[in-house]
Amino acid sequence: MDSTQFVTPGFGLVFWTAITFIFLLLILKKFAWKPILGAVSDREESIKSALAAAEEAKKEMQNLQSDNERILKEARAERDAMLKEAREIKESIVSEAKQQAKIEADKMVRTAQATIESEKKAAVADIKAQVATLSVDIAEKVIKEQLSGKDKQLKLVEDMLGDIKLN
Amino acid sequence: MKLQSMKTRFLTICLILFSSSLVFSSETEEEGAEFNPQAMITHHVLDAHEFHIIDWNHHPISLPLPIILWTENGLVTFMSSAFEHDDSGKVMVARNGGKFVKLHEKIYQLDAGANTVSFDAEHHPVNASKPLDISITRNVFMMWVSVIVLLLIFIAAARRYKKSENNVPTGIAGFIEPLVVFVRDEIGIPMIGEHKYKKYMPYLLTIFFFIWINNIFGLIPILNGANLSGNIAFTFTLAIFTFIITTFSGNKNYWKHIFWMPGVPVPMKIFLMPIEIIGMFVKPISLMIRLFANITAGHIIVLALMSLIFIFKSVFIAPVSVGFALFIGVIEIIVTAIQAYIFTVLSALYFGMATEEEHH
């Protein structure tokens, strides 16, 4: 038996292998490798971009969160400011009202005092007048009484003269 | 647990198929004359012009295959059944004014007046010529079967992506995609490089799956030794393809490394040039021999182990033979993938070397 036949390539098989392999390569390239590799790399691309998008979203989320916090802080500060302002306004209104009321009250008190004063004056004047009239009447009656005798009249004159001396 | 039992079942099936088919095919040779293991093994490992399946009641059952010959009178075609299963050059077939006989799976065209082929001392036929034989042999037939299987599997897988909306692999694509991605990520990208691998992917993928499936087909016993990837013609052709692609991909840097190695003194450059030129051819030759030798060796070992039963003519040898054949068979299953992987990796490595940019 010839053992070189194992290592002698037969022309027929070389011929058919070459043709078959080229055919197989072309067909598989067009109908299998391109779609499969295309799909795989497309998927890898989409996974990559999806991951990137997720990362982006995460970052955006963080931004949003910090934004939110900032806005919240601002809102809180604004609220505080508003409350403070309101308190101030309230206080000012109250104090103003108090002042107004005090002024009003003072005014009323003053008017009342003035009225009382004038009433008092009037009353005093009235009393004075009545006292004067009364005194005059009394004096008239006393003088009439005293000047009814000669002695009495002389005595009076004397007293009066004495008073003048004293003065 | 389930996987384990499936594995066991698979191995059992392998065992049964291996032993039965080989025993059947060897039996007939036992009947007529003394069993000749060398002839049996040679017959199984080499190519054949008909697809012999089994002998039944001393009658071979086989699939006739077309014989295509290019003779001086032009193309001659007939079915291999015309030889009536004869392989000893006794049955003569007359077609297109030529007389053909088949001897040891070689077809000879007899000269006028001759009835049998006779050889001289150097084993050259004296009264016959050898026409160019491009028959659809057993290996060509199995190659086409493998092509059909590959096309069915991979086009079906590719269709799956078109059907799905977001490129999700479903069904058969789920099995195929990891393999394709493996070839891309473990062979293409690391060997050739991120930027250039795409151009070579169709070749690498095709060669990987083409070799792998034919390695596997060689292990299926009922196909009776369709030893395509263990045939030197097949590995020679694929190695030639790798060589051609490598040579045509070679850039300036590649050729410079072959003819005028940079970075070494001039005498060394002159010394290295012939070595590098030889290396250019040794690479594909090593590819060719590695695949051929590995696959053929596996076949020969299994067949030789089976032959032991008939050499010792004892059924008690059978458990030993079957046990060893099973062991080798399991190794061979791994070897089918490893050899396909090695051929592809080395092809990719050569492409990578040919396209490597200068970076000194």
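Each reported figure results from applying straightforward, stated rules to the coordinates on display, with no laboratory input. Model, not experiment: these values are computed from the prediction. Cβ: placed from backbone, ideal geometry, glycine included. Neighbour counts: every protein chain shown.
Hydrophobic, long helices, defined as DSSP H runs whose alpha-carbon span along the helix axis is 20 Å or greater and whose mean Kyte-Doolittle value is at least -0.5, occur in chain B at B:2-32, B:138-163, B:197-219, B:232-249, B:266-312, B:318-355. Overall shape: prolate for the protein assembly as shown, with the ratio a/c of the largest to smallest alpha carbon gyration tensor axis at 1.5 or above and a/b above b/c. With the gyration tensor restricted to C-alpha atoms of the stretch A:11-166, the semi-axes of the equivalent ellipsoid amount to 138, 12, 5 Å, longest first. Partner shielding of B:143-154 amounts to 3, given as the average count of beta-carbon atoms from other chains within 10 Å of each residue beta-carbon.
The angle separating the long axis of helix A:11-28 from the principal Cα axis of greatest extent in chain A is about 20 degrees.
Binning the C-alpha pair distances of the stretch B:162-249 at 10 Å intervals from 0 yields a P(r) profile of 15, 34, 34, 16, 2 %, listed from the shortest bin outward.
Put the Cα centre of the stretch B:328-347 next to the Cα centre of the stretch B:216-258 and the gap is 14 Å.
Dividing the convex hull volume of the alpha-carbon atoms in chain B by its residue count gives 219 Å³ per residue.
Using just its DSSP H runs of length 4 or more, each adding -39500 (n - 2.57), chain B gives a mean residue ellipticity at 222 nm of -21000 deg cm²/dmol after division by all residues.
Straight-line cross-link reach from B:LYS252 at under 26 Å between alpha-carbon atoms covers these lysines, not counting any fewer than eight positions away in the same chain: B:LYS196, B:LYS198, B:LYS199, B:LYS269, B:LYS283.
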